[in-house]
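The values are calculated or read from the model by the stated rules, or taken from the named source; none is laboratory data. What you are looking at is a predicted structure, and each value in this text was computed from that prediction instead of being measured. As a convention, Cβ positions derive from the backbone with ideal geometry for all residues, glycine included, and neighbour counts pool all protein chains shown. Quick note on the areas: whole protein, heavy atoms, side chains included, nothing else; ligands and nucleic acids left out. Shrake-Rupley method; radii C 1.70, N 1.55, O 1.52, S 1.80 Å.
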Amino acid sequence: MSRTVYVNGEYLAEEDAKISIFDRGFLMADGVYEVTSILGGKMIDFTGHMKRLARSLDELDMAPAATDDEIEAIHRELIRANDLVEGLVYLQVTRGAADRSFLFPDGVKSSLVMFTQTMNLTEAPAAETGIKIISMPDIRWGRRDIKTIQLLAPSLGKVAAKAAGVDDAWLVEDGCVTEGTSNNAYIVKGGKIITRDLSHDILSGITRASVLRFAREMQMEVVERPFTIAEAQEADEAFVTSATTFVTPVVEIDGQALGDAAPGPIARRLREIYIEESLKTGI
Ligand code: PMP
């Protein structure tokens, strides 16, 4: 069945939704996005996603396409129209359509596109088995804190991981892991949760913020610092976080099994608590 999607003020059947070929998102990846997970028909960590969207837009001097209240209402209408119970809402703002030029055009209205995807988030097989990852050089640009739609580098990373017979890749720069292709990366050693500190080098994950808050509330020790692949291979556990994968255990890094190659207790506990709390606090 065709989905109802949102394009610049209109709700349309997906096959009728159109964007200009001059849209700067299409021509120059001049746009930003957010992905909000939906559990039980409710939006998870919505305020965090709206705050990060505002920051991404601000960093690129791009005008917001709608107010937060309007965006929330569009989320709700898409969830309703598509009977979405579990999955995601994707939102993309681009600088809009103008004759091709490297300079930002004047007086152009930002473009806003949103759509839903049904996905099984809570019962994901990867949460049970854990995932295997390989490492590779981080070839992305230097402002990974801005959630831009230029996703070719992470896409190449996922393709290479698949070709290597594993599930995902961790990206390495100057000897240390930055993050996963589409998630934040963590290791656990001696009960300590270690994850890279926030900077321009990584995306400030909304799931990361919630998971670290829950970990601290449970008196777990969190250390925010870079780590190497060698250190990760010696860790007791590893895991990744993102809006659509929540907390997903990593059980193998570059062919080296972690512990007994099964999801560790801390990753399992954090996943449980994240889902439990999200179901309570979703709006
Ligand atoms: N890092 C990168 C590079 C990502 O693409 C994502 C997911 N969009 C994340 C981290 C996780 O962010 P979030 O928890 O907000 O989904």
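Things worth noting here:
- Within the chain, longest stretch clear of exposed chymotrypsin sites (Phe, Trp or Tyr not before Pro) (DSSP loop, no more than 13 other Cβ within 10 Å): 142-283
- Solvent-free Debye calculation, one equal scatterer per alpha-carbon of the stretch 61-205: log10 I(q)/I(0) at 0.18 Å⁻¹ equals -1.26.
- Helix-only mean residue ellipticity at 222 nm for the chain, each DSSP H run of n ≥ 4 adding -39500 (n - 2.57), per residue, nearest 500: -9000 deg cm²/dmol
- Distance between modelled label sites at E77 and D260, nm, 7 Å Cα→Cβ extension: 5.3
- Heavy atoms of the protein chains alone define the surface here; on that basis the stretch 4-118 has 50 Å² accessible area per residue at 1.4 Å probe size.
- Using the alpha carbons alone, the radius of gyration of the chain stands to its Kirkwood radius in an Rg to Rh ratio of 0.97.
- Along principal axes, Cα extents of the stretch 125-281, largest first, whole Å: 36, 34, 28
- With the biggest extent put first, the Cα atoms of the stretch 4-118 measure 44, 31, 19 Å across the principal axes.
- Greater than 19 Å apart at Cα, pairs in K158/K192; K162/K189; K18/K51; K132/K158: K158/K192; K162/K189; K18/K51
- Accessible surface of the chain, 1.4 Å probe, proportion on carbon and sulfur as whole %: 54
- Estimated distance in nm for a label pair at N120 and K189, the labels positioned 7 Å out from Cα along Cα-to-Cβ: 3.6
- Of every Cα-Cα pair in the stretch 1-72, the percent that sits beyond 14 Å: 70
- Accessible area in square angstrom per residue, the stretch 125-281, 1.4 angstrom probe: 43
- Low-density loop positions, trypsin sites (Lys or Arg not before Pro), the stretch 1-63 - DSSP coil, at most 11 other Cβ in 10 Å: K18
- With Cα atoms, 0 to 90° folded angle of helix 68-81 axis to the chain main axis: 80
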